[in-house]
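Reviewing the structure listed below.
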Amino acid sequence: MKFAIIKERKNPPDRRVVFSPEKLLEAREKFPEAEFIVESSDIRVFPDSAYKALGFELTEDVSGCDVMIGVKEVPIENLIPNKKYFFFSHTIKKQPYNRKLLKAMLEKNIDMYDHETIVKKSGARLIGFGRYAGLVGAYNGFRALGLRDNLFNLPKVETLADLIEVKAELDKITLPNIKVLLTGTGKVALGAKEILDHLKIKEISDALYLTSKFTEPVYVMADVMEYAKRKDGKVGDKWEFYKDPSGYESNFMPYAKETDVFIAGHFYGNNAPYLFTRDDAKHPDFNINLVADISCDVNGPVASTLRASTIEAPFYGYDAQTESEVAFDAKGAITVMAVDNLPCELPKDASEGFGDMFLEHAIPAFFNGDERGILKRAKISEKGKLTERFSYLQDYVDGK
């Protein structure tokens, strides 16, 4: 079986890749029956020469390969019919901007495996860039704080070589006595927590956070059952909430009254209550003045996120009274960081981490009869049709 590491063609350019040269070498050694070809790329974080040095074939034409492995969406005109593809298609939530892409893959008889749908039986994701989104998002939040309040000047992550350099820059700063709220407990939140812990910010309990003042920076990591509660007053259950959150309402305001910096690292599911609304942000007790929204659901559960920001211009301000965008350092505004492609700023580390997961979970499935059902669960389309698991996308494909 021939696997191709394909060139990223989406704009703005993405320098990440599923396999670093060293990880691809490891894949070849573990699966000698597989052949790995690398499509030449002038933007990839690892140069063509690094793959060539390890004996990989570089080519401009990968049409002879069976499985195409990329990161971001492949432009419709570059899709090769009758192939298997792995990339983030951003179609499983019926994203309107990619409907034509899914339709084209069906028309071109492509077997589509989305990185997002490579999951355990339980539905828990096995592969993703979440940790790196958390790392970069938290760093960017502190970078915004330093710039806005003239405290320190952290460089952009994209100008740094790797995570080691990122942490070295953080070692140079001193934080004021702020209270930081981090929501979530998954890979994104744990990535953000890595930054908070590196900064030696003291982690405290919810009870202390909500009732006490401190003379040093502190943070709390709040799970969904802390910032959401049952409407009927009974004790909430996390798994019940994930299954059907309609019986729950926000319990975020007690945190908002005590928080200076909010790092949003939670996953937001359909029909879940908003964390805070535009009316909440107008409340005189609402104390949050900086939001690093890693989850970045526009016009969603974090009211100050009016739009996604960019790596080039990562910050803007939210005026709660007028519900409008202002300068990120405008007096009285909530400073917002809502970059939606954060791992792109740390392409080397993100690629290396992603390759570890892909080699562990995806590649073996091609050679062990898919004994864990990973490929079966991940497959969105086959032989020009949606698979049963993703048949709910038919009305989306049809434009209804």
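The values are calculated or read from the model by the stated rules, or taken from the named source; none is laboratory data. Quantities reported herein were computed from a predicted structural model and do not represent experimental measurements. Every residue, glycine as well, gets a Cβ built from its backbone with ideal geometry; the counts of neighbours run over all protein chains shown.
Quick rundown of the values:
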| quantity | calculated |
| --- | --- |
| Some residue of region 65-73 being surrounded by 15 or more Cβ atoms within 10 Å (Cβ to Cβ), among the basic types (Lys, Arg) and touching a residue at least 40 places away in the same chain (Cβ under 8 Å) | yes |
| Matching option when the condition is farther than 26 Å from Glu360 by Cβ, among the β-branched types (Val, Ile, Thr) and touching a helix residue (DSSP H, G or I) at 6+ places or on another chain (Cβ under 6 Å), among Ile43, Ile76 | Ile76 |
| Number of the exception - Glu169 against (1) touching a helix residue (DSSP H, G or I) at 6+ places or on another chain (Cβ under 9 Å); (2) in contact (Cβ under 8 Å) with a residue 40 or more places away in the chain | (2) |
| Members of region 10-24 that are within 18 Å of the chain's Cα centre (by Cα), among the charged types (D, E, K, R) and closer than 19 Å to Ser49 by Cβ | Arg15, Arg16 |
| Lone unmet requirement of (1) over 22 Å from the mean Cα position of the chain (by Cα); (2) over 30 Å from Phe31 (Cα atoms) for Ala365 | (2) |
| In region 152-188, the residues that are more than 14 Å from His266 (Cα to Cα) and in contact with a Ser or Thr (Cβ under 8 Å, 6 or more places away or on another chain) | Phe152, Asn177, Lys179, Val180 |
| Options Ala133, Ala104: the member that is touching a helix residue (DSSP H, G or I) at 6+ places or on another chain (Cβ under 9 Å), within 25 Å of Ile363 (Cα to Cα) and among the small types (Gly, Ala, Ser) | Ala133 |
| Of all residues making up region 142-151, the number that are in contact with a Ser or Thr (Cβ under 9 Å, 6 or more places away or on another chain) and among the small types (Gly, Ala, Ser) | 1 |
| Residues being within 15 Å of Lys200 (Cα to Cα), surrounded by 13 or more Cβ atoms within 10 Å (Cβ to Cβ) and in contact with an Asp or Glu (Cβ under 7 Å, 6 or more places away or on another chain) - total across region 160-179 | 2 |
| First in region 32-49 and under 15 Å from Val62 (Cβ atoms), second anywhere and of a type in the set (Phe, Trp, Tyr) and part of a loop (DSSP other than H, G, I, E, B), Cβ under 6 Å, 6 or more apart | Val38/Phe56 |
| Every residue from region 241-257 that is part of a strand (DSSP E or B) and in contact with a Leu (Cβ under 9 Å, 6 or more places away or on another chain) | Ser250 |
| Which numbered condition Asp329 fails, given (1) more than 30 Å from Ser20 (Cα to Cα); (2) in contact with a Lys or Arg (Cβ under 8 Å, 6 or more places away or on another chain); (3) not assigned by TED's automatic domain parsing to the domain that holds Ala138 | (3) |
| Any hit, region 364-379, residues being hydrophobic (A, V, I, L, M, F, W, C), in contact with an Asp or Glu (Cβ under 9 Å, 6 or more places away or on another chain) and surrounded by 22 or more Cβ atoms within 10 Å (Cβ to Cβ) | yes |
| Helices (runs of 4 or more DSSP H) wholly inside region 18-113 containing at least 1 residues that are touching a Lys or Arg at 6+ places or on another chain (Cβ under 8 Å) | 99-107 |
| Odd one out for Leu306 among (1) in the same structural domain as Thr185 (by TED's automatic domain parsing); (2) touching a residue at least 40 places away in the same chain (Cβ under 8 Å); (3) surrounded by fewer than 22 Cβ atoms within 10 Å (Cβ to Cβ) | (2) |
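For (1) surrounded by fewer than 19 Cβ atoms within 10 Å (Cβ to Cβ); (2) in contact with a Leu (Cβ under 9 Å, 6 or more places away or on another chain), each residue gets a yes or a no:
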{"position": "Phe86", "(1), (2)": "no, no"}
{"position": "Ser89", "(1), (2)": "no, yes"}
{"position": "Ala124", "(1), (2)": "yes, no"}
{"position": "Phe142", "(1), (2)": "no, yes"}
{"position": "Glu158", "(1), (2)": "yes, yes"}
